[in-house]
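Working notes, beginning with the structure itself.
Values in this text are rule-based calculations from the coordinates and carry no lab data. Predicted model, so just to flag it, every value in this text is computed and none were measured. Here the Cβ positions follow ideal geometry from the backbone for every residue, glycine too, while neighbour counts run over all protein chains shown.
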Amino acid sequence: MTLWGGRFSKAVDSFVEDFGASIHFDHVLAHWDIVGSVAHSKALAKAGVLSGKEQQKISAALWKLAEKIESGKIKFSLSDEDIHMNIERLLHGSIGDLAGKLHTGRSRNDQVALDLHLYLRAQVLHLLEKCHALQSALIAKGLEHIDTLLPGYTHLQRAQPVSLAHHLLAYAAMLQRDMQRLQEGWHRINVMPLGAGALAGAGFGLDRDYVAQLLAFDSLYENSMDAVSDRDFIIEFLSSASMIMMHLSRLSEELILWSSQEFAFIELDEGYSTGSSMMPQKKNPDVAELVRGKTGRVYGALMSMLTILKGLPLTYNKDLQEDKEGVFDVMKTVQDCLTVYAPMISTMKINKNNMARAASGGFSNATQVADYLVAKALPFRQAHEVAGKLVLHCIQNNTVLEELPLSVMQQYSDLIDNDIYQQLALTYVVDARNVRGGTARPQIRKQLDLIKKQSEAMQVSIVEKQK
Ligand code: ARG
């Protein structure tokens, strides 16, 4: 019989038993379920529901059970539906009827919410560490490539030359925001729902502040109905995770393009590439493609959770059981993607010459011609027009700006002089964008210093949360 056997005279349909069970996936919560139960048993003892001895017996048995589960010795049963009832049943097997006292003043509704809060509180910190590792790899690569120039693109057309460090640090900045978002969300995860009972709050004078303290929660839910039905913290996590994947997917797209023979800007290490079963010459950027592809399932989990909650009346409804698989899958997916990405970035080879060649073609110094004329007091609109005509001249004569003779240039504007040639060099163009946040190399050094500091501060605050 099930744990609610009293009310029922007939067993649940066998298909429904399987259909309604969550043990296939919520066994992941076993450790946290036990941590929560031990804290709850202490609250029961404090309230006089359990004697000190009973409480000790329960917690000793629970910890032993945790060990057994960890070592894979336990087989959970489908008929016990979920991890909470499986653990209660196993506890009963070890200490008998005393196990039946543990669920006093508690419902699976506040129990499962607690487990999710505990699980996410720990796992988000692992995720943060992995974001940080990738950010460090990007920063390190950037440091090596301040002087490596490539075209910056708009509309995927060569626009203006940039330092490769500048390009990579844009992703480091995205990851910084990703980590900030995870951290902000973490504070809303770190709130305790236990003591909410099924929905209305527990009886028996349970001291919720005491439990929150035992479990090191920053605060607790002030409304029991909110406590059992809130999954906002999950949506926030899934949304932050989606944003991380969106960033990784954009980076993946660039790495895939850059490693094509058409670009040949980079070469991914063989450890992070695969061959083809048919075409012997192939070296495919599979890892980057897979990361780009996995973005889909992460977005899917976010959509799914938003949809599950839409129109859901207070408080607990079985719909909420659908919250878990997405969270577990997203946690593993995003952690795995970050795990593989950091070394892929560290080991990728940069083809400086190909980058430089691309940056010199495509007239990425044309804006500099306009800026040159502006410095000679021509209004920007007219300067833009002159530069455009010079580019057209080059296209028609199959040449580039830096190779046009002065006499030709002067046909388009008599403001142009010999001093234009030094300004057409890529390094000049890059260094001329010397505003804060620009691609001038002194600015990039400042940018690197700043992101390194931010990244170190982030690391400190992650470690602090782990305590
Ligand atoms: N397995 C359930 C879930 O994951 C636990 C809570 C069940 N509560 C209930 N009243 N049926 O949501």
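Side notes on the structure shown:
- Alpha-carbon centroid distance for the pair the range 155-201 / the range 240-295, whole angstrom: 23
- Assigned charges on the beta-carbon of Lys, Arg, Asp, Glu; the range 13-83 dipole about Cα centre (debye): 700
- Sparsely packed loop sites in the range 197-258 (the GluC sites (Glu not before Pro) outside DSSP H, G, I, E and B with at most 10 other Cβ atoms within 10 Å) comprise 222.
- Note, ³J(HN,Hα) from phi for the range 8-17, Karplus 6.51, -1.76, 1.60, rounded to Hz, x at Gly and Pro: 9, 10, 9, 6, 5, 3, 5, 5, 5, 4
- Close amide H contacts of residue 351 (hydrogens built in the peptide plane, cut-off under 5 Å, sequence separation of 5 or more or a different chain): 266, 267.
- The helix-only estimate of mean residue ellipticity at 222 nm for the chain, built from DSSP H runs of length n ≥ 4 each weighted as -39500 (n - 2.57), is -20500 deg cm²/dmol after division by the residue total.
- The range 397-430 and the range 10-28: distance between their alpha carbon centers, rounded to Å: 76
- Rounded to the nearest 20, the Cβ-based charge dipole of the chain about its Cα centre (Lys and Arg +1, Asp and Glu -1) stands at 540 debye.
- Taking a straight line from the alpha carbon of residue 46, these lysines sit under 17 Å away, with near neighbours fewer than eight places off in the same chain left out: 57, 101.
- Given charges at beta-carbon only (K, R positive; D, E negative), |dipole| of the range 319-466 in Debye: 500
- Relative protection proxy for 24-30, 264-270, 47-53, from highest mean packing down: 24-30, 264-270, 47-53 (other beta-carbon atoms within 10 angstrom).
- Built amide H within the under 5 Å cut-off of residue 149, gap 5+: 164
- Gyration tensor verdict on the range 1-78 (Cα atoms; rounded if a/c is under 1.5, prolate if a/b is larger than b/c, oblate otherwise): oblate
- By the combined test of axial Cα extent (at least 20 Å) and Kyte-Doolittle hydropathy (mean at least 0.5), the qualifying DSSP H helices of the chain come to 232-258, 286-309.
- Highest mean first, the peptides 98-110, 309-321, 149-161 sorted by other C-beta atoms within 10 Å per residue fall in the order 98-110, 149-161, 309-321.
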